[in-house]
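Note sheet for the following structure.
Laboratory data are not the source of any read-out in this text; all were calculated from the coordinates shown. Values in this document were obtained by computation on a predicted structure and should not be read as measured data. Virtual Cβ from ideal backbone geometry, glycine too; neighbours counted across all protein chains shown.
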Amino acid sequence: MSATSPNSAAATRKRRILPNLHYGTFTTLFGHIYLFLVVNIMLAVSNLPLLVFSAASNDPTAAWPFFVVLAVTVGPSIAGAMGAFRAMQDGSTEPVRDFWRAYAQTFRRGTALGALTLATLGMCLADLSFLAGSSVGALATPLLCVIAATAVAAGFTALAGSVLYPQLRLWRLVGLSLYVTVRYWYFGLLSLACLGGIALAVLAQPVLGACLAPSILLFVSWSNAHFAFVTTATRVPAGPVLTDDRSKTSR
């Protein structure tokens with residue numbers, strides 16, 4: 001009976017420890033990395049005025065009304081990123097084309113949703129600033145914070161819905177997004193955390209933060225919103241209202 005050599009035993013252990021990675025695994029991995037890099041660049045290009053003034057300003061939070069106006073372009077750009085994520089799930093390998101196609105298709109709706117979200121957020125911030133230090137402000141601050149957080153989470157969910165369900169009317173999309181945001185509030189909190197991480201990264205290092213942080217965190221939030229919409233469509237018998245019409249978004 002022959003004894004097993006130490007080298008062969010070590011090789012056997014290594015074969016058992018290392019995962020069996022195939023070519024398709026590396027293709028998928030590098031495909032995601034390429035998608036995230038491209039989406040970051042496209043987000044930076046589509047929000048260039050906001051990035052330039054953020055980098056030039058010593059304290060962007062001191063001039064927040066000005067930056068709220070510049071942030072109107074954020075809505076369509078987020079929808080474009082979601083369109084690229086969705087196209088990748090369908091097997092597309094052209095994220096630049098997919099981003100700008102979704103950007104153009106959802107521009108009007110994304111701008112309207114972004115403006116509505118920013119208007120609600122701006123009014124809440126203005127009220128908080130005006131009521132700061134007063135007895136009324138102490139009572140109204142929690143309510144205003146909840147309204148602002150709900151508006152941001154619902155606005156992000158509505159952008160995802162505009163990519164998934166382009167056939168929905170705007171008012172119905174807003175109502176559905178509010179329902180999904182409240183029903184799956186934990187996904188909303190995660191989306192707020194991801195959006196807050198993007199904002200902090202861009203405010204701290206506008207160029208570096210915009211090139212590294214947004215796409216990965218947006219992909220996490222997009223996946224959650226997608227799951228929430230699909231779950232709602234299966235649980236609520238809404239008929240053709242929540243049909244995931246991929247043919248319309250691919251035109």
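Numerical summary
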| read-out | value |
| --- | --- |
| Gain in span if fully extended, F107 to L189, counting 0.36 nm per residue against the direct Cα distance | 26.9 nm |
| Ranked list, fewest to most other Cβ atoms within 10 Å of each Cβ, for V74, V207 | V207, V74 |
| Global geometry of region 31-249, whether rounded, prolate or oblate, following the gyration tensor of its Cα atoms and the 1.5 cut on a/c | oblate |
| For region 80-173: rounded, prolate or oblate by the Cα gyration tensor [a/c cutoff 1.5] | prolate |
| FRET efficiency, L37 to A115 (Cβ-Cβ, R0 35 Å, nearest 0.05) | 0.75 |
| Likely footprinting exposure, S135, S77, S223, S54, fewest C-beta neighbours within 10 Å first | S135, S223, S54, S77 |
| Candidates per trypsin sites (Lys or Arg not before Pro) in region 73-175, loop by DSSP, up to 13 other Cβ within 10 Å | R169 |
| Packing-based exposure ordering (other Cβ within 10 Å, fewest first) of M88, M82, M123 | M123, M88, M82 |
